[in-house]
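Colleague: Here's a structure for you.
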Amino acid sequence: MARFSTAEATVVLRENGKTREKTLTMGTLNPQVKAVEYAVRGPIVTKAGDIERGLQQGQKHPFTEVIKANIGDSHAMGQKPITFLRQVVALCSFPELLDSSSFPEDAKQRARRILQGCGGQSLGSYSASQGVDCIRQDVAVYIEQRDKGVPADWDNIYLTTGASDGIVSILKMLVSGQGRSRSGVMIPIPQYPLYSAAISEMEAVQINYYLDEDNCWALDINELHRAYQAAKEHCHPRVICIINPGNPTGQVQSKKCIEEVLHFAYEENLFVMSDEVYQDNVYSPDCQFHSFKKVLYEMGPEYFNTVELASFHSTSKGYSGECGFRGGYMEVLNLDLEVKAQLVKLLSIRLCPPVSGQAAMDVIVNPPLPHEPSYLQFHKEKSAVLGALAEKAQMTEQILNTVPGIKCNPVQGAMYAFPRIFIPPRAVEAAMSLGMSPDMMYCLRLLEETGICLVPGSGFGQREGTYHFRMTILPTTEKLKVLLEKLRDFHIKFLKEYAPLEEPKRSEDDTQEALKQFR
């Protein structure tokens with residue numbers, strides 16, 4: 001038995017003197033897996049982790065900490081949990097606490113209701129593949145209230161493992177065909193890289209439509225027509241994806257724009273996927289979130305009863321920022337009944353979403369009401385989170401626009417800024433000689449010299465010849481100020497190195513003036 005239970009077993013030679021070859025190598029790996037890219041957790045983030053571990057081990061760098069502004073992970077950036085949400089999930093996880101006087105009665109009432117919907121009244125049991133019935137019912141009520149009375153059927157609600165799970169599931173249903181009949185998926189550029197990654201994995205055809213940066217990243221209907229007509233030459237466009245509010249671009253689409261998109265989808269017989277996970281994150285007083293479903297309803301029954309629409313929401317964003325629970329839902333309208341049965345079958349393969357995440361989702365859609373004991377604290381915590389984000393959105397835009405060579409559109413919503421950066425031709429040449437995109441080189445140097453971790457715009461897509469980065473506005477206000485000041489100093493130094501720069505002092509004065517507003 002020793003030869004099977006010791007390290008020597010790994011170097012036993014075959015009779016021909018060769019070691020056993022691995023079954024799974026880069027040569028035998030599914031090529032669609034190799035094609036997948038996900039910039040939000042890409043090489044820059046890996047490098048940031050290495051530097052962070054080095055700092056902990058005493059390595060010397062020109063900074064004392066890594067500031068990770070690469071991902072929309074609120075709690076990792078210091079945001080505190082919403083008390084009521086954690087109370088309900090705690091009660092569901094450990095029902096013995098229902099006898100404790102430390103928990104308010106409205107939290108207990110919600111926990112009891114959720115537990116009654118669980119097998120064996122335990123959060124540890126599987127739920128139905130679509131999710132716990134009473135939570136799906138609560139989601140339907142929430143949608144009706146959000147959309148001012150537009151009817152919602154809880155049979156059209158599917159609880160998911162974050163919004164990502166629902167998005168991938170719907171794409172799987174839509175992708176088919178070969179060659180010129182292969183399904184084409186229209187996605188915004190810039191886009192959240194989940195979409196391009198899923199499209200690559202499924203061997204679908206990615207159809208890029210570009211958002212209008214000069215018009216605050218608005219969606220241009222003429223650009224949709226251009227992209228669609230060009231794509232028809234080599235694939236079968238079947239679905240259009242919209243992210244509203246935008247990630248990484250932070251824009252909030254107007255109602256008129258949404259009407260145009262839905263009319264376009266109606267005319268071209270496209271399935272609509274509306275990613276609305278940032279629906280609570282609207283900061284500009286001139287903007288308002290409009291759900292695609294509500295706008296579709298207001299366009300009349302000819303549209304509302306025919307256009308296939310899947311919309312997505314999540315516990316990970318909004319004001320709760322509960323990314324780790326992986327809670328989410330999708331509402332799917334006008335699905336063929338036989339196809340609907342196939343969707344349930346597909347979802348049943350993963351048995352069910354995390355039931356603790358389902359419980360967290362229930363609190364998002366069923367928060368304390370004004371007459372309940374937890375309402376005041378809940379309202380205070382929610383308002384504080386969204387108020388701070390609104391202030392940081394304004395601060396980020398204003399300070400970045402004081403830096404020569406950086407232009408940042410208003411951060412109307414979501415959790416990110418996606419500023420355009422000027423990279424001089426000499427820097428572009430230097431990046432190309434290193435075999436990397438110019439904005440990748442920029443972000444890598446920024447990390448190595450300042451400890452700031454951002455994501456290059458090339459990971460999200462951008463018009464050729466333009467360069468950007470995405471940064472979150474989630475760090476605390478004080479840490480965000482530090483980040484923006486370091487970023488300004490780095491950018492000016494970068495421009496001095498690769499191109500002449502006039503009056504860099506003016507930028508510092510303007511930045512300090514902008515910072516005074518937020519002290």
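Colleague: Being closer than 30 Å to ALA231 by Cα and open to solvent by 30 Å² or more (accessible area, probe 1.4 Å) is the filter here; which residues of region 305-318 pass it?
Modeller: ASN305, THR306, GLU308
Colleague: Please go through region 194-220 and give me each residue that is under 25 Å from VAL175 (Cβ atoms) and surrounded by fewer than 16 Cβ atoms within 10 Å (Cβ to Cβ), ordered by number.
Modeller: Answer for region 194-220, where residues must be under 25 Å from VAL175 (Cβ atoms) and surrounded by fewer than 16 Cβ atoms within 10 Å (Cβ to Cβ): just GLU203.
Colleague: Within region 130-149, track down each residue that is of a type in the set (D, E, K, R) and assigned to a loop (DSSP other than H, G, I, E, B).
Modeller: ASP147, LYS148
Colleague: Additional query: In region 255-304, which helices (runs of 4 or more DSSP H) lie fully inside it and hold 2 or more residues that are open to solvent by less than 10 Å² (accessible area, probe 1.4 Å) and at pLDDT 95 or above?
Modeller: In region 255-304, the matching helices (runs of 4 or more DSSP H) lie at 255-268, 292-298.
Colleague: Would you mind telling me which numbered condition in (1) in a helix (DSSP H, G or I); (2) more than 21 Å from ARG326 (Cα to Cα) VAL89 fails?
Modeller: Here VAL89 meets the rest and fails (2).
Colleague: I've got another one for you. What number of residues within region 430-446 are in contact (Cβ under 8 Å) with a residue 60 or more places away in the chain and surrounded by fewer than 23 Cβ atoms within 10 Å (Cβ to Cβ)?
Modeller: The total comes to 2.
Colleague: Sort out which residues of region 378-410 are open to solvent by 10 Å² or more (accessible area, probe 1.4 Å) and in contact with a helix residue (DSSP H, G or I) (Cβ under 6 Å, 6 or more places away or on another chain), and write them in order of number.
Modeller: Of everything in region 378-410, those that are open to solvent by 10 Å² or more (accessible area, probe 1.4 Å) and in contact with a helix residue (DSSP H, G or I) (Cβ under 6 Å, 6 or more places away or on another chain) turn out to be PHE378, LYS392, GLN398, THR402, PRO404, GLY405, ILE406, PRO410.
Colleague: Restricting attention to region 184-205, which residues are touching a Phe, Trp or Tyr at 6+ places or on another chain (Cβ under 8 Å) and more than 20 Å from TYR416 (Cβ to Cβ)?
Modeller: Residues satisfying the conditions are VAL185, MET186.
Colleague: While we're on this one: Inside region 113-133, can you point out the residues that are within 10 Å of ASP362 (Cβ to Cβ) and without any contact (Cβ under 8 Å) to a residue 60 or more places away in the chain?
Modeller: Of everything in region 113-133, those that are within 10 Å of ASP362 (Cβ to Cβ) and without any contact (Cβ under 8 Å) to a residue 60 or more places away in the chain turn out to be ARG113, GLY117.
Colleague: Can I ask one more? Condition check: over 30 Å from ARG110 (Cβ atoms), open to solvent by less than 40 Å² (accessible area, probe 1.4 Å), in contact with a helix residue (DSSP H, G or I) (Cβ under 9 Å, 6 or more places away or on another chain) and free of Cβ contacts under 8 Å to residues at least 12 places away in the same chain. Does ALA417 satisfy that?
Modeller: Considered against the rule, which asks whether it is over 30 Å from ARG110 (Cβ atoms), open to solvent by less than 40 Å² (accessible area, probe 1.4 Å), in contact with a helix residue (DSSP H, G or I) (Cβ under 9 Å, 6 or more places away or on another chain) and free of Cβ contacts under 8 Å to residues at least 12 places away in the same chain, ALA417 comes out as no.
Colleague: What number of residues within region 141-163 are open to solvent by 40 Å² or more (accessible area, probe 1.4 Å) and either small (Gly, Ala, Ser) or in contact with a helix residue (DSSP H, G or I) (Cβ under 6 Å, 6 or more places away or on another chain) (or both)?
Modeller: 2
The values are calculated or read from the model by the stated rules, or taken from the named source; none is laboratory data. Predicted model only: the values in this text are computed from it and were never measured. So basically every Cβ, Gly included, is an ideal-geometry build from the backbone, and we count neighbours across all protein chains shown. In case anyone asks, the SASA skips ligands and DNA or RNA and just uses the protein heavy atoms, side chains included. Shrake-Rupley method; radii C 1.70, N 1.55, O 1.52, S 1.80 Å.
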